[in-house]
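Taking it in order: structure first as structure tokens, then the write-up.
The values are calculated or read from the model by the stated rules, or taken from the named source; none is laboratory data. Nothing here was measured: the structure is a model prediction, and the numbers come from that model. Virtual Cβ from ideal backbone geometry, glycine too; neighbours counted across all protein chains shown. For the accessible areas, the whole protein counts, side chains as well, though only heavy atoms, and no ligand, DNA or RNA atoms are used. Shrake-Rupley method; radii C 1.70, N 1.55, O 1.52, S 1.80 Å.
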There are 2 protein chains.
Amino acid sequence: MPQLRIALAQTDPVVGDIAGNAEMLVEWTRRAAERGAHLVVFPELFLTGYPAEDLVLRSSFVEASVATLSATAARLADEGLGELPVVVGYLDRADLAPRVGQPKGAPLDAAALLYRGEVVTRSAKHHLPNYGVFDEYRYFVRGDRLPIFRLHGVDVAVAICEDLWQEGGPVSVVAEAGAGLLVVPNGSPYETNKDDVRLELCARRAREAGCALAYVNMVGGQDELVFDGDSLVVDASGGLVARAAQFKEELLVTDLDLPAATGEPGELAVDAHDGTSITVERLVLSGTPVEPYEPEPPVVAERFDDLAEVYQALVLGVRDYVAKNGFRSVILGLSGGIDSALTATIAADAIGPEKVHVVLMPSRYSSDHSITDAEELVRRQGLNSQVAPIADIVSAFEKEIELHGLAAENLQARVRGMLLMSLSNEHGHLVLTTGNKSELATGYSTLYGDSAGGFAPIKDVLKSLVWRLSEWRNAQPGHPPIPENSITKEPSAELRPDQRDTDSLPPYHVLDPLLRDYVERDMGRDELIAAGHDPELVTKVIRLVDLAEYKRRQYPPGPKITPKNFGRDRRLPITNRWREKLG
Amino acid sequence: MPQLRIALAQTDPVVGDIAGNAEMLVEWTRRAAERGAHLVVFPELFLTGYPAEDLVLRSSFVEASVATLSATAARLADEGLGELPVVVGYLDRADLAPRVGQPKGAPLDAAALLYRGEVVTRSAKHHLPNYGVFDEYRYFVRGDRLPIFRLHGVDVAVAICEDLWQEGGPVSVVAEAGAGLLVVPNGSPYETNKDDVRLELCARRAREAGCALAYVNMVGGQDELVFDGDSLVVDASGGLVARAAQFKEELLVTDLDLPAATGEPGELAVDAHDGTSITVERLVLSGTPVEPYEPEPPVVAERFDDLAEVYQALVLGVRDYVAKNGFRSVILGLSGGIDSALTATIAADAIGPEKVHVVLMPSRYSSDHSITDAEELVRRQGLNSQVAPIADIVSAFEKEIELHGLAAENLQARVRGMLLMSLSNEHGHLVLTTGNKSELATGYSTLYGDSAGGFAPIKDVLKSLVWRLSEWRNAQPGHPPIPENSITKEPSAELRPDQRDTDSLPPYHVLDPLLRDYVERDMGRDELIAAGHDPELVTKVIRLVDLAEYKRRQYPPGPKITPKNFGRDRRLPITNRWREKLG
């Protein structure tokens, strides 16, 4: 059987930085060439970054992508890399007349094959995801071509991301047309346990297509999304051959024995088993197998366990949001509680403790341990800290307007938010928001108070997971731990004397499973009760969650780690009288 | 020719209030019956309200819609209204097996015909809009049936909203199958000049379908959207027969002479000229024409002129956001400038001046006229006002942390925002944000400062339009005018001595056209320069707009009036290195 050495470029393209991404393509292609690869594959929409959202609808942006693609093909040849074929995702457009209902400019989520200085073939994603965090009917028209190119005597087919997830389309066409290898550029964001689903999917599609499958994912944070890498290669029977690390860039080089090519060059329309037909385009780069060589042992990176995986996603999300938006440091309020302690720790792990600034902002209701626990964290991790008591500022407000109860409590949170924003303006730090998903769900946060900030690292982390992550992090040798007292103390916002979260909420081990079922699984009231949740609590929590929608709308973005985050994933009206909330 | 009296129920359903909307259906059907109508038509998704966003993906919500529909049909008969056929939009689901890429539960944007206590036929929208503010591939599967029911000897076909806008599909099927009248339930949000487009579209589709067309739109505000009503009837040649008022509920009753029915009852699959086929279902309610009667003269409501139209959209947007979210009053900061003066005036016109609370929050940099102009507005319009100077609060902050330049300026804006939020918490007022679109575009606003609030009435209004609207409003007899000085004075945020907007921005008559081209028309840098904008200014403004994306993400919602608002309409990444902004 012919051999091929394929290189999967698990890279971190930056949205909008077309020139920089092209630079990265050349650099990684050179690395692949140095490793003796016969083919290098980059992720989906690598050249523009992903998701570029409405930039895709600007003709200037599409033109830059298309022009840069050709220029990069030429440049690869100029730099002596033209003999190494490159498959790369980029943004193109279809030659379609404008019509109502079609995205402006008819953009394509495309892949190109670059070889000997030319763009040899172009195709585009056939299945467009338009659920969850994806809005691709807004952005793209559907592709209808499947390129199969002969490389050193092996037929290599190209499909893109969602084409693996949906039935029919390119995979079924590969099965009929026949190929030795299917390469798939992806932009597949992380969520808990996605890696297991992904491997199973690739194995199944490889068996269906009847050939080996190479899955290349990007890595890095982009606003709410974290791409986890996890690129992999399976053989035609679905067996795992090689797998890249999670959450970091890697050139995954794999040697494969693949069946000799059989198809005839040319074009052929094939029924795609989804109500459409796809044109198979076969072309030949080189018909002769490479001289037999000694393969390298395949790399299979170890998987993180579940908690490590989430923690790494949060760290990468923070690191990339900070770096890609040009910040050099972050600032956050440290209360002595676990949410801010974990947020500070994630930030320190992401960008280094010397770039993390914390502010202790005690009020008249702050307990002694709040200050000492916060100070202990600062000391252990080497953070920069300052103290800014809020009592005098709160008094100044209360001289102008009279406030009671909740209004007075919220004022304290808002004074803290303002201090952080002011210090951010003064020194250029990014403000990190420390709220968790349980709080965000139930609305137990103050708009422009503790919810103030530019990025919210744990906004998709339920409180019980906040504790589990903290314990996991404390068990990691060589990393200065979070003070135990911050983890074990009873949670309190300390906005009035002796306040406890459980004054108004059930314990988190009861609340969080209910939130998961309501928020992430969209269960209705009856379903929630049937699933075993207390009916009275169901009524109360649904009401809290629904009424807090307006607050969530103004919350900063943060990394998605669950199947459904607040933000791109869960989209509800603010004005909403659906009676589910009233029981 | 047979006669028919049709009643178009231009109503204001509330999202989620299925029971309340059903109640409204019965009430309006009774009114139609009292007017002697032979058919009454309600808007798209009337029963659930529109857009219900992710509620549509909950099975509890779909089930409530379907069950309420049947119950309402029965109730109409119970109340003696069963002989009056009702066409109404509701949420249904298709009987499709789940699959990746298909919205959960396969929801349908459906229409039903209710008659004699039964749901006689059901169909669903065929074309799903997924551009601009619409995300309907996320929510619905496509309908493939076209009902044509015979009513008093006239064949009446039903299509839904987007089915008019896109080529092929139901309209082309009506043309082939033949009908005397096409009724179209809609949920069509307002934007400037949409009424002209709408009339032209209806006229064209009536000619294509070869029959009269009755277009029923909803009215009212729903978060960012304002539905403007403007229901209308055109004859088979596209001539306008009747038209309802804009921005208010109305039962539009119209007598039509329509061609006698010709089709045979039964089902028939017809090519829909868009790659699909549609099943025409013909049924008979009553074959005999009504006894000839004297028609009522048709109603054609006068159109508002362009400024009046925008102003009414803003007023309705505010009124409905306040009412539907259960607020009884609003609060806002009054600076003496035109933005807050216009916002207060819109609020007073929307809910009455006695429900509008304003706070004057002078700083050390406030000029005398700021106070006197604000006080004059309060006096003229009869608003509730209080004064809360910010100097002492700002000093209290500055004792804790040292701030300079922009950070010190922003602090003042944030102290004002906090005062308003505190008063909102204390008294239950909705905070109105007073920023305009020029400010929001360029980022000349302070996050959690002047951008704080729950609803932003003029966020989609460019500054030059703010002035024009104010002048228009001042020309309306019987309405207490905005003090002339607030309109004519040079705009300033008054955050430092002698500050003027033009210190850092070009005059608005130069800035606003550029913003319109960049923000609303997605022009790239080269296109903007080719369109005549100053290249240096283009570079500067693109940079400002792009860098302010994070602020806009946390801005409250406000009514959309332009072809592209910030919010649902324009969706860009925060993390974005697209070099257009750098020139």
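In sequence order, what are the phi-derived ³J(HN,Hα) couplings for the stretch A:446-460 according to the Karplus relation 6.51 cos²θ - 1.76 cosθ + 1.60 with θ = phi - 60°, rounded to whole Hz, with x for glycine and proline?
9, 4, 6, x, 5, 8, 5, x, x, 8, 10, x, 10, 5, 9
In the stretch B:53-71, what residues drop by 40 Å² or more of accessible area when the other protein chains are put back, versus the chain on its own? Use 1.4 Å, and skip ligands and nucleic acids.
Residues losing area: B:E53, B:D54, B:L55, B:R58, B:S60.
Identify, among A:A245, A:L285, A:A272, the residue whose Cα sits farthest towards the positive end of the charge dipole of the stretch A:242-285, taking +1 on the Cβ of Lys and Arg and -1 on the Cβ of Asp and Glu, with the dipole about the Cα centre.
The residue sitting farthest along the positive end of the dipole is A:A245.
Just want the answer: with Cβ charges of +1 for Lys and Arg and -1 for Asp and Glu, which residue in A:S464, A:S367, A:L528 is farthest toward the dipole's positive end in chain A?
Working it through, the farthest residue towards the positive pole turns out to be A:S367.
With +1 on each Lys and Arg Cβ and -1 on each Asp and Glu Cβ, and nothing else charged, work out how big the dipole of the stretch A:155-200 is about its Cα centre, in Debye to the nearest 20.
The calculation lands at about 120 debye.
Kindly identify the stretch B:466-583 as rounded, prolate or oblate by the Cα gyration tensor criterion: order the square roots of the eigenvalues as a ≥ b ≥ c, call it rounded if a/c is under 1.5, otherwise compare a/b with b/c, prolate if a/b is larger, else oblate.
prolate
Rank these by accessible area, largest first, 1.4 Å probe: A:R473, B:R282.
B:R282, A:R473
Place a +1 charge on the Cβ of each Lys and Arg in the stretch B:1-147 and a -1 charge on the Cβ of each Asp and Glu, then give the dipole magnitude about the Cα centre in debye, rounded to the nearest 20.
It works out to roughly 360 debye.
Rolling a 1.4 Å sphere over the protein heavy atoms, what is the accessible area per residue of chain B, to the nearest Å²?
Numbers: 19690 Å² over 583 residues.
Per residue, chain B has 34 Å² of solvent-accessible surface.
Taking only Cα atoms, what is the 0 to 90° angle, nearest 10, from helix A:306-324's long axis to the longest principal axis of chain A?
Around 90 degrees separate the two axes.
Residue farthest toward the positive end of the dipole of chain A, with Cβ of Lys/Arg at +1 and Asp/Glu at -1: which of A:Y311, A:Y137, A:A111?
So the residue we want is A:Y137.
Per-residue HN-Hα couplings for the stretch B:498-512, Karplus 6.51 cos²θ - 1.76 cosθ + 1.60 at θ = phi - 60°, whole Hz, x for Gly and Pro?
6, 5, 10, 4, 6, 4, 10, 10, x, x, 5, 6, 9, 5, 4
Could you order A:T262, B:T192, A:T121 by accessible surface area, starting with the largest, using a probe radius of 1.4 Å?
Greatest to least solvent exposure: A:T262, B:T192, A:T121.
Classify the stretch A:45-109 as rounded, prolate or oblate from the Cα gyration tensor: take a ≥ b ≥ c as the square roots of its eigenvalues, call it rounded if a/c is under 1.5, otherwise prolate when a/b beats b/c and oblate if not.
Numbers: a/c = 2.78, a/b = 2.34, b/c = 1.19.
It comes out prolate by the Cα gyration axes.
If you take each beta carbon of peptide B:478-488 and count the beta carbons of other chains within 10 angstrom, what is the mean?
If you average over the peptide's residues, the count of other-chain Cβ atoms is 0.
Please identify the GluC sites (Glu not before Pro) of the stretch B:277-315 that satisfy two criteria: DSSP loop assignment and at most 14 other Cβ atoms within 10 Å. Which are they?
B:E302
How far is helix A:405-427 tilted off the main Cα axis of chain A, in degrees rounded to 10, range 0 to 90?
50
Under unit Cβ charges (Lys, Arg +1; Asp, Glu -1), what dipole magnitude, rounded to 20 debye, does the protein assembly as shown have relative to its Cα centre?
960
Does the stretch B:300-356 come out rounded, prolate or oblate by the C-alpha gyration tensor, with a ≥ b ≥ c the root eigenvalues, rounded set by a/c under 1.5 and, if not, prolate when a/b is larger than b/c and oblate if not? Can you show the working numbers first?
On the way: a/c = 2.72, a/b = 1.33, b/c = 2.05.
Note, shape of the stretch B:300-356 comes out oblate.
Provide the packing ranking of A:160-168, A:480-488, A:16-24, i.e. peptides ordered by the mean count of other C-beta atoms within 10 Å per residue, highest first.
Numbers: A:160-168: 22.1, A:480-488: 17.7, A:16-24: 20.0.
By packing density, highest mean first, the sequence is A:160-168, A:16-24, A:480-488.
How many Cβ atoms of partner chains, on average, are near each residue of B:394-400 if near means within 10 Å of its Cβ?
The shielding value for this peptide is 6.
Quick query: amide H of B:V280 versus all other amide H atoms, modeled in the peptide plane; which residues come in under 5 Å with a sequence gap of 5 or more or a different chain?
B:L146, B:L268, B:A269, B:V270
When N is the residue count of the protein assembly as shown, what does its C-alpha Rg come to as a fraction of 2.2 N^0.38 Å?
Cα Rg divided by the expected 2.2 N^0.38 Å: 0.96.
Checking an interface number: how much accessible area is buried between B and A, summed over both chains, with a 1.4 Å probe, in Å² rounded to 100?
Roughly 7700 Å² of accessible surface disappears when B and A pair.
Mind checking B:162-171 for the average number of partner chain beta-carbons within 10 Å of each residue's beta-carbon?
Numbers: counts 2, 0, 1, 2, 4, 3, 1, 0, 0, 0.
Taking all residues of B:162-171 together, the mean is 1.
For the pairs A:K459/B:K324; B:K437/B:K560; A:K125/B:K125; A:K459/A:K560; A:K489/A:K551, note any where the Cα-Cα span goes beyond 18 Å.
A:K459/B:K324; A:K125/B:K125; A:K489/A:K551
Heads up, I need the accessible area for A:I401: 1.4 angstrom probe, whole protein in place, Å², nearest 10.
Surface accessible to solvent at A:I401 totals approximately 10 Å².
As a check on your grasp of the helix formula, calculate [θ] at 222 nm for the protein assembly as shown: sum -39500 (n - 2.57) over DSSP H runs of n ≥ 4, divide by the residue count, round to the nearest 500.
Values: 36 runs with 408 residues, N = 1166.
Per the formula, -10500 deg cm²/dmol.
Considering only protein heavy atoms and a 1.4 Å probe, what is the carbon-and-sulfur percentage of the accessible area of chain A?
Summing carbon and sulfur atoms, their accessible area is 51 percent of the total for chain A.
From the backbone phi of the stretch B:132-145, what are the Karplus-calculated ³J(HN,Hα) couplings (6.51 cos²θ - 1.76 cosθ + 1.60, θ = phi - 60°) in whole Hz, Gly and Pro given as x?
Taking θ as phi minus 60°, the curve returns x, 8, 9, 9, 7, 5, 5, 10, 10, 9, 7, x, 9, 10 Hz for the stretch B:132-145.
Run through the DSSP bridge list for the stretch A:1-123 and note the antiparallel percent, rounded to the nearest 5.
In the stretch A:1-123, approximately 70 percent of DSSP beta bridges are antiparallel ones.
Quick one: angle between helix B:463-474 and the longest Cα principal axis of chain B, in degrees between 0 and 90, rounded to 10, please.
80
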